[in-house]
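Everything on this sheet refers to the single structure shown next.
The values are calculated or read from the model by the stated rules, or taken from the named source; none is laboratory data. No experiment lies behind these values; they were computed from the predicted model shown. Note that we place each Cβ from the backbone using ideal geometry, even for glycine, and neighbour counts take in every protein chain shown.
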There are 2 protein chains.
Amino acid sequence: MPDIIGVIGGGQLARMMIPPAVALGLDLQVLAETDESSARLAAVRVGDYRDADTVSSFADTVDVVTFDHEHVPQPILRNLMARGVAVHPHPEALLYAQDKILMRQKLSKLGLPVPEWARVSSPEQLADFLSAHGGRGVLKTARGGYDGKGVRMVTDAAEASDWFAALAEDGNGGELLVEERVDFRRELAQLIARRPSGESATWAVVETVQKNGVCAEVLAPAPGSEGRLAETAAEIATRVADGLGVTGVLAVEMFETTDERILINELAMRPHNSGHWTIEGSVTSQFEQHLRAVSDLPLGATDLRSPYTVMINVLGGPSAGTMEDLYPEVLGQYPSAKVHSYGKQPRPGRKVGHVTVTGDTLDETAYLARAAASLFDR
Amino acid sequence: MPDIIGVIGGGQLARMMIPPAVALGLDLQVLAETDESSARLAAVRVGDYRDADTVSSFADTVDVVTFDHEHVPQPILRNLMARGVAVHPHPEALLYAQDKILMRQKLSKLGLPVPEWARVSSPEQLADFLSAHGGRGVLKTARGGYDGKGVRMVTDAAEASDWFAALAEDGNGGELLVEERVDFRRELAQLIARRPSGESATWAVVETVQKNGVCAEVLAPAPGSEGRLAETAAEIATRVADGLGVTGVLAVEMFETTDERILINELAMRPHNSGHWTIEGSVTSQFEQHLRAVSDLPLGATDLRSPYTVMINVLGGPSAGTMEDLYPEVLGQYPSAKVHSYGKQPRPGRKVGHVTVTGDTLDETAYLARAAASLFDR
């Protein structure tokens, strides 16, 4: 068992690894971007994760390296591997979360269900794809997108002329990914954790609701998902985790189409916003499970703690106030709400926390979670 | 709302306040006894809590002071109060957890149910009490006892000659407390949290099982406690908290006598071993509730998360191994067990962690918790 788990990145995902590390007595040490990072309590070093020396010297002081985000450059990670550092997920798996074209290629090769897609390097190629797919598509940059950034709905190749111009300037022959615009009934997410030794465990499949490209709420389990849907989602996630050799937590974001197919949308190889509900909603949270998995410890049970769990994100509002300023009101009105603050300076639209409520009926649970979270929205 | 919550003492109780502080975004700062304290992650200072200057300078840097233990001397606490520092619980309440004779006097005055008791300062007075109570009694030092220390079963005054000799040497006219030896069916504990503004919230009454004077296991709720017993226990705890002006978490340890009376045994004014089950077993844990209460924030819901929760303490065994050494085996065999390590060097008999299991039936829940915990016992 590793003595020290090193996390690159000091965001809220690293922050939420702290409680289970404290409970299990695991030593968690974070390489943070700034002194005021969300995970500052566990930060032992502040530095740039894009700097090879910074990452190497951090890795020298820990027994296993894992991540708060997927942005550490491949050459830096491969250098760590070459030096014998335990890195989870492995760089060769993480690559598929970093590059959406490689991800689509790999999933297609594995025979996993994905939207129709193509790589395009010119407006003409994009126009061809659009005309073959009802005149519309979803255009994505292969790298660097998150929370709706780097994603654009297009109906005409001219709408993407700026991106193609930027690709040309890059001078490295880059390509964009275009996908069919899927008619979906709703979005789902399936979380799974996998150990280096291969053991894996899935949680209940959940429904995710996005607003402006950002996750707004998660309903766990996804309403009506018992039986076939739950099995299909878990099987897909297991095939992805095994096929790509993922270690740690993997989130598979999926579309449930209007014609009842499941298509894989995005992958995230780390604890994920769609799994925050597991802190209260599951016997083992995604954060505890990630620590177990990257330490190659046996995984914990993922049974539901309640029939329903609903998680609502809290975004920074127009005022400069913090969530904590509103505790007297929110905690007083909603004593059953579990409030999580990420200790961040609020900025409009920035994820600053979330609220989770557990309960016996979906309607009441969702009502209470939304009502409590909405009080922070000012 | 206070910006910084200062905790005096760096034991496991302070350690277990860290996860809810991280979740709620509260700044928790600990004055620890040693560099290697259980709560070292939140320790901002190492020093002696019996030193007035150390405690004062620590208090100057925080907004409210609370405790991991009840051992801070009264003059130091009263000095803080005189300087306008917010201290919870107040020194005048804490006094009753520090001095068992004062506690018995106060509870008797409030008309609360306690065993028959007397203050004795000589073997003759003890002999008189024993002969009036069937020839047996429980002798306690007024101060300094915990986990069975400072408590002795006596049937003859001669058995206490060393304690009386020590009292005489103290030269301050000290007294011992003697109580009737209660015929009890079982021991119960009732936790309550109370805000400075007076709001209070109780959890389910629990059964505690002691071995060698140390809490060994907790069954929540106490089997068969629905209805009258639960109401009686909650009412007693509320009268104690209100009557003594306790703020923060209060644990009331009680006997359920063979003739079905409830008698108050001990008080603890801080999160308590009998409440560790609330981390998984209640919507709001005792540690989160303590932070809310001492910050005068609204209290959280205390509903059960499962029909039954069983907590088993893990004590250091004869080997020098840590709990973490045994994780591959224990976590593998008991995936539903929630394991808590206090990050302490194991010594035989020292509390080094605990295991909690939640479930639908008491038999299965207790079986799993005991089985998982017993694997650490080596």
Any residue that is more than 12 Å from chain A (Cβ to nearest Cβ), touching a Pro at 6+ places or on another chain (Cβ under 8 Å) and among the aliphatic types (A, V, I, L, M) - is there at least one of those in the stretch B:364-376? no
Quick check on my filter: what residues within the stretch A:277-301 are more than 11 Å from chain B (Cβ to nearest Cβ) and under 24 Å from residue A:349 (Cα atoms)? A:277, A:278
Against the conditions (1) modelled with pLDDT of 95 or more; (2) assigned to a loop (DSSP other than H, G, I, E, B), where does residue A:84 fall short? Just the number, please. (1)
Of (1) touching a residue at least 60 places away in the same chain (Cβ under 8 Å); (2) closer than 29 Å to residue B:307 by Cα; (3) more than 7 Å from chain B (Cβ to nearest Cβ); (4) not aromatic (Phe, Trp, Tyr), residue A:355 satisfies all except one. Which? (1)
Among the residues of the stretch B:1-53, the number that are within 12 Å of another protein chain (Cβ to nearest Cβ), in contact (Cβ under 8 Å) with a residue 24 or more places away in the chain and in a loop (DSSP other than H, G, I, E, B) is 6
Could you tell me which residue of the stretch B:54-70 is farthest from the other protein chains (Cβ to nearest Cβ), considering only residues that are surrounded by 15 or more Cβ atoms within 10 Å (Cβ to Cβ) and part of a loop (DSSP other than H, G, I, E, B)? B:70
Quick count over the stretch A:83-142, residues being acidic (Asp, Glu) and free of Cβ contacts under 8 Å to residues at least 12 places away in the same chain, is 1
Meets criteria (more than 9 Å from every other protein chain (Cβ to nearest Cβ) and of a type in the set (A, V, I, L, M)) for residue B:339: no
Pick out, from the stretch A:245-355, the strands (runs of 3 or more DSSP E) lying fully within it that include 3 or more residues that are surrounded by fewer than 23 Cβ atoms within 10 Å (Cβ to Cβ). A:248-257, A:262-268, A:308-315
Restricted to the stretch A:302-336, and to residues that are more than 21 Å from the chain's Cα centre (by Cα) and hydrophobic (A, V, I, L, M, F, W, C), which residue is nearest to the other protein chains (Cβ to nearest Cβ)? A:331
Could you tell me whether any residue of the stretch B:349-363 is over 21 Å from the mean Cα position of the chain (by Cα), among the polar types (S, T, N, Q) and farther than 22 Å from residue B:38 by Cα? yes
Name the single residue that is farthest from residue B:259 (Cα to Cα) among those in the stretch B:104-118 being among the basic types (Lys, Arg) and surrounded by 17 or more Cβ atoms within 10 Å (Cβ to Cβ). B:106
Looking at the structure I just gave you, is residue B:229 within 14 Å of another protein chain (Cβ to nearest Cβ) and of a type outside the set (Gly, Ala, Ser)? no
With the requirement that a residue be surrounded by fewer than 21 Cβ atoms within 10 Å (Cβ to Cβ) and within 24 Å of residue A:342 (Cα to Cα), what does the stretch A:71-94 give you? A:71
Could you say which residue among A:204, A:222 is part of a loop (DSSP other than H, G, I, E, B), under 22 Å from residue A:313 (Cβ atoms) and in contact (Cβ under 8 Å) with a residue 40 or more places away in the chain? A:204
Condition test on residue A:345, is it over 24 Å from residue A:307 (Cβ atoms) and not basic (Lys, Arg)? yes
